[in-house]
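Below is one structure, written out as structure tokens, with a few remarks after it.
The values are calculated or read from the model by the stated rules, or taken from the named source; none is laboratory data. Just so you know, these numbers come straight off a predicted model, no measurement behind them. Here the Cβ is made from the backbone with ideal geometry for all residues, glycine too, and neighbour counts use every protein chain on show. Heavy atoms of the whole protein, side chains included, go into the accessibility calculation; ligands, DNA and RNA do not. Shrake-Rupley method; radii C 1.70, N 1.55, O 1.52, S 1.80 Å.
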Amino acid sequence: MWLLSHIGPLHYAKQRNHLERDVTMKGLYFQQSSTDEEITFVFQERENLPVTEDNFVKLQVKACALSQINTKLLAEMKMKKDLFPVGREIAGIVLDVGSKVSFFQPDDEVVGILPLDSEDPGLCEVVRVHEHYLVHKPEKVTWTEAAGSIRDGVRAYTALHYLSYVSPGKSVLIMDGASAFGTIAIQLAHHRGAKVISTACSLEDKQCLERFRPPIARVIDVSNGKVHVAESCLEETGGLGVDIVLDAGVRLYSKDDEPAVKLQLLPHKHDIITLLGVGGHWVTTEENLQLDPPDSHCLFLKGATLAFLNDEVWNLSNVQQGKYLYILFID
């Protein structure tokens, strides 16, 4: 996590005037080698454009989260550049707004996610971003909390409220619940009155999950590879199966064809289908998921649905992005 130090009102006014006068500033970018194996990070000077266009907002960055750079996705979308900006989840103060901006005004505290095709890195003093990628930051949420939770918060909200329709009384299995995505998903599920079951990949993860309040219905420790997730879930639900499954990846093949680490920690796709209840929803992050006809037939008999959780799906519509961010912070 990268954070600019907190400053008082007088110092903020001086710093703001200084930022607006500066002609250039440095931003962090990464450069991929021709073999696509090595990534080099470099600081580049960039212009601090004084004019904000139409629907764009000029923002002083107070905190920026460092998320994983998906080079594979960038290649698939044919986004070939010499330098790619680093840091996309940002929180900061509005310095200036364009003539068509309707949601923000100078001095507003905001948080958002820069789009994939953004020219500005989040790791910079000042960025320009379209207003649809920002929402107001709640007063009681700190800069680091806002920037650090926005990405996984959008993912968790999308999975639970748009892809699986969580509601009171539903049972939800959240794989790897101690991860950043998992902890937010657990809290959102609890907030909606759902019964939460989660898996832990280590003793530390198990202890972390057991400290949740309200408590998790069941924590399944899969670190030793001996616990059967499907049996544990069916036992917890009286044999009915869970209503919603949020996985963290699944095994697709037999034991001989999977890497040792993946073999130990992830459930097989057949286990997920087995533990899924009638009318259940399976939300997967496995982009290469393959289901055979018998698997599809089993889902058909259960009346179950399968949805894919794409980390960047909100990029397909910047209007929907603003909607997701807004709901996440006011819910």
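Cβ-Cβ distance of Lys226 and Gln105, R₀ of 56 Å, FRET efficiency by 1/(1 + (r/R0)^6): the value works out to about 0.45. Past the 31 Å Cα-Cα mark, which pairs from Lys62/Lys206; Lys170/Lys269; Lys170/Lys226; Lys26/Lys206; Lys81/Lys269; Lys81/Lys140? Too far apart for the 31 Å limit: Lys62/Lys206; Lys26/Lys206; Lys81/Lys269; Lys81/Lys140. Ranking Ser164, Ser99, Ser296 from most to least accessible surface, computed with a 1.4 Å probe over the protein chains only, gives Ser99, Ser296, Ser164. Grouping the Cα pair distances of region 151-308 into 5 Å bins from zero gives a pair-distance distribution of 2, 10, 20, 24, 23, 15, 6, 1, 0 percent in increasing distance order. What is the local net charge at Cys233, summed over the other residues whose Cβ is closer than 13 Å to its Cβ (Lys, Arg +1; Asp, Glu -1)? Neighbourhood net charge equals -4.
Per the Kirkwood definition applied to all pairs of different Cα atoms, how many angstroms is the hydrodynamic radius of region 58-180? About 16.0 Å for region 58-180.
The relative contact order of region 151-308, computed from alpha carbon pairs under 8 Å that lie at least 6 residues apart in sequence, is 20 percent.
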